Amino acid sequence: VLVLPFQIRRQDMPRVDKAAGKGVTIGLEGFRLEPFAIDLLSMGPHFLVLGDPECGKTNLLRLLIHELTQRYTPEQVQIAAIECRATINLFDITEGAHYLTYASMRMPSSLKDSVECVTNKLKERTLPASYQSVKELRNAKTWSGPHYFLFVDDYDAIASPAGSALTPLRDLIVQARDIGFHVVLTRTISGIASASFEPLFKGLRETSSPGLIMSGDRQEGKLLHDQAATNQPPGRGYLVQRRHPSTLI
């Protein structure tokens, strides 16, 4: 019987990157212990990570950022990060060529600045509300340039039923497939029912975003695509996607 290891180091899986094909590798899947990759550039486009504190959500963000910067050039991918608590776990992105913007609650003004930065980068790609003629529609330009990734850690720390400082990004989230925008967001499972109508989180769920459901209380009910949380060791969870069975990663 094949059993997932309790821990596996990224540097111990060099063959995974070559075997993964498209996308970036996030770990081993539980059936054949083979590398498992997600490709947010062609699927997704967003990704949700749900789990209790200390289950490995932030570590997964760091892994995804590392894999993206290794696989894609700065001309292909630009990365922004927002830490919704007074942490600097994702601060390393500021030292790389893929860096776009960074915010931490240790710098309260940086949150607004980062949201404006992402919005300004993408507003030229957004679709007009309507076209005036068939000719104008035919000649409509498609966007070019890098894909923009926004990593949001511990979103529940700033979210409320009325919204959050990130609410202005909701319309961009809906148009994400057409403008090259990707949001990877983490939040705790506890109290997630009260977040069902929060604009940003609701928008991500309405786009049928895939996600990883890590350790959490089953009593919170079905979270994504009919999958509920279960108690899991740190770094382990169910990868859920629309039209695919859940996969233990």
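Below, the figures for the structure above:
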quantity	calculated
Test result for Glu116, in a helix (DSSP H, G or I) and either open to solvent by 40 Å² or more (accessible area, probe 1.4 Å) or closer than 24 Å to Ile192 by Cα (or both)	yes
Test: Gly44 is surrounded by 20 or more Cβ atoms within 10 Å (Cβ to Cβ) and at pLDDT below 95	yes
Residue ID - most open to solvent (accessible area, probe 1.4 Å), chosen from residues in the stretch 206-231 that are closer than 19 Å to Pro53 by Cα, assigned to a loop (DSSP other than H, G, I, E, B) and not hydroxyl-bearing (Ser, Thr, Tyr)	Asn231
From the options Glu34, Glu29, residue that is acidic (Asp, Glu) and either within 30 Å of Lys112 (Cα to Cα) or open to solvent by 80 Å² or more (accessible area, probe 1.4 Å) (or both)	Glu34
Residue ID - surrounded by the most Cβ atoms within 10 Å (Cβ to Cβ), chosen from residues in the stretch 85-113 that are outside any strand (DSSP E or B) and of a type in the set (S, T, N, Q)	Ser110
So Pro234, is it touching a residue at least 40 places away in the same chain (Cβ under 8 Å), open to solvent by 70 Å² or more (accessible area, probe 1.4 Å) and farther than 30 Å from Glu75 by Cβ	yes
Search result, residues across the stretch 25-84 that are part of a helix (DSSP H, G or I) and either hydrophobic (A, V, I, L, M, F, W, C) or within 28 Å of Asp217 (Cα to Cα) (or both)	Lys57, Thr58, Asn59, Leu60, Leu61, Arg62, Leu63, Leu64, Ile65, Leu68
Complete set of residues in the stretch 50-69 that are within 23 Å of Gln11 (Cα to Cα) and either among the aliphatic types (A, V, I, L, M) or over 17 Å from the mean Cα position of the chain (by Cα) (or both)	Glu54, Leu60, Leu61, Leu63, Leu64, Ile65, Leu68
Some residue of the stretch 242-249 being at pLDDT below 90 and under 15 Å from the mean Cα position of the chain (by Cα)	no
Lys57 being closer than 30 Å to Leu2 by Cβ, in contact (Cβ under 8 Å) with a residue 12 or more places away in the chain and crowded, with 18+ Cβ neighbours inside 10 Å	yes
Residue selected from the stretch 155-205 under the condition over 21 Å from Val118 (Cα atoms) and assigned to a helix (DSSP H, G or I), by the criterion most open to solvent (accessible area, probe 1.4 Å)	Ser194
Residue list for the stretch 110-160, restricted to those being of a type in the set (A, V, I, L, M), out of contact with any helix residue (DSSP H, G or I) (no Cβ under 7 Å at 6 or more places or on another chain) and modelled with pLDDT of 85 or more	Leu111, Val152, Ala157, Ile158
Any pair with Cβ under 6 angstrom, 6 or more apart, that starts in the stretch 23-39 at a residue that is among the hydrophobic types (A, V, I, L, M, F, W, C) and ends at one that is open to solvent by 20 Å² or more (accessible area, probe 1.4 Å) and at pLDDT below 85	Leu33/Leu2; Ala37/Ala20
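To keep it simple, each residue is scored yes or no on (1) under 29 Å from Tyr102 (Cβ atoms); (2) of a type in the set (S, T, N, Q).
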site	(1), (2)
Leu150	yes, no
Asp156	yes, no
Thr167	yes, yes
Thr186	yes, yes
Ile189	yes, no
Ser209	yes, yes
Gly221	no, no
Leu239	yes, no
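The values are calculated or read from the model by the stated rules, or taken from the named source; none is laboratory data. Note that this is a predicted model, so its numbers are computed, not measured. Every residue, glycine among them, receives a Cβ derived from its backbone with ideal geometry; neighbour counts consider all protein chains shown. Each accessible area value is taken on the protein alone, full model and side chains, heavy atoms only, with ligands, DNA and RNA left out. Shrake-Rupley method; radii C 1.70, N 1.55, O 1.52, S 1.80 Å.
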